[in-house]
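Trainee: Sharing a structure below in structure tokens format, with a few things to ask.
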Amino acid sequence: MTPPTSADHGHPTTDSASGKFHDPKTIRIRPADFNDARDVATVRRLVQGFADVSNVTLSPSVKDTVAPFLGRRAAFVLLAEDLGSENDTKKPETVAMLIAQRILSSFEAGERINIHDLYVIPEAQGRGIGRRMLSVCADHARALGCSDLTLEVAGDNAAARSLYRTFGFDVPEGEVPEGSVLYGKCPLS
């Protein structure tokens with residue numbers, strides 16, 4: 001399964017905290033390759049980062065098996081790499097991931113894509129990367145003939161709820177009961 005990559009039409013911005021110039025054209029979104037040890041390590045690192053900000057403790061067995069598990073399932077993982085930065089290995093820094101899966105839509109006698117996780121590292125937030133990840137995922141879903149995207153989001157995650165609403169998900173606005181998890185659907189037609 002090879003989701004398409006995204007062309008970017010964003011505008012350069014400056015991160016006020018670091019003063020670093022961010023050009024959205026330097027972000028490449030591509031599917032994770034679970035036969036590549038670097039991608040497996042990257043997915044593990046990003047899942048751990050997402051667990052950390054979600055206050056979830058991963059057991060050692062989950063840490064070791066999450067990437068191979070995703071690679072064996074009907075899931076796909078998109079990675080966003082910042083081509084304008086290099087890490088110690090002279091490779092672009094991976095700054096975000098989106099984990100999704102094709103699922104059945106019994107009421108539409110078809111398929112949809114359910115987004116399980118969308119995580120952008122804190123240093124890369126506010127650059128439009130999450131929106132681009134959603135766009136690439138939606139393009140892939142359309143190519144597969146899926147009717148819509150679905151997801152769940154923590155009720156207290158106002159930034160994610162706002163992003164999903166502006167993308168077209170029917171996630172409620174305003175206050176929600178503490179600890180709530182909200183369901184959202186975004187039609188693709």
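Please treat every number below as a calculation from the coordinates, not as lab data. Being a predicted model, the structure only gives us computed values, none of them experimental. All Cβ positions, even for glycine, are placed from backbone atoms using ideal geometry, and neighbour counts span all protein chains on display.
Trainee: Is any residue of segment 96-136 close enough, with backbone N under 12 Å, to a label point placed 7 angstrom from the Cα of residue 53 along the Cα-Cβ axis, and if so, which?
Mentor: The answer is 96-98, 118-131, whose backbone nitrogens lie closer than 12 Å to the label point.
Trainee: Could you run the Karplus curve 6.51 cos²θ - 1.76 cosθ + 1.60 with θ = phi - 60° over segment 145-158 and give me ³J(HN,Hα) per residue in whole Hz, x for Gly and Pro?
Mentor: x, 6, 7, 6, 10, 10, 6, 10, 9, 5, x, 8, 9, 4
Trainee: Listing 189, 85 from the residue with the fewest other Cβ atoms within 10 Å to the one with the most, what is the order?
Mentor: 189, 85
Trainee: When only Cα pairs under 8 Å and 6 or more residues apart are kept, what is the percent relative contact order across segment 13-187?
Mentor: Relative CO of segment 13-187 lands at 16 percent.
Trainee: For segment 101-189, list log₁₀ I(q)/I(0) at each q in 0.19, 0.24 Å⁻¹, using the Debye formula over Cα point scatterers of equal strength and ignoring solvent, two decimals each.
Mentor: -0.88, -1.25
Trainee: Separate question: Using 27 Å as the Cα-Cα cut-off, could you pick out the over-long pairs in 63/91; 91/185; 25/63?
Mentor: 91/185; 25/63
Trainee: In Å, what Kirkwood hydrodynamic radius results for segment 13-187 from the alpha-carbon pair distances?
Mentor: For segment 13-187, inverting the mean 1/r across all distinct Cα pairs yields 17.1 Å.
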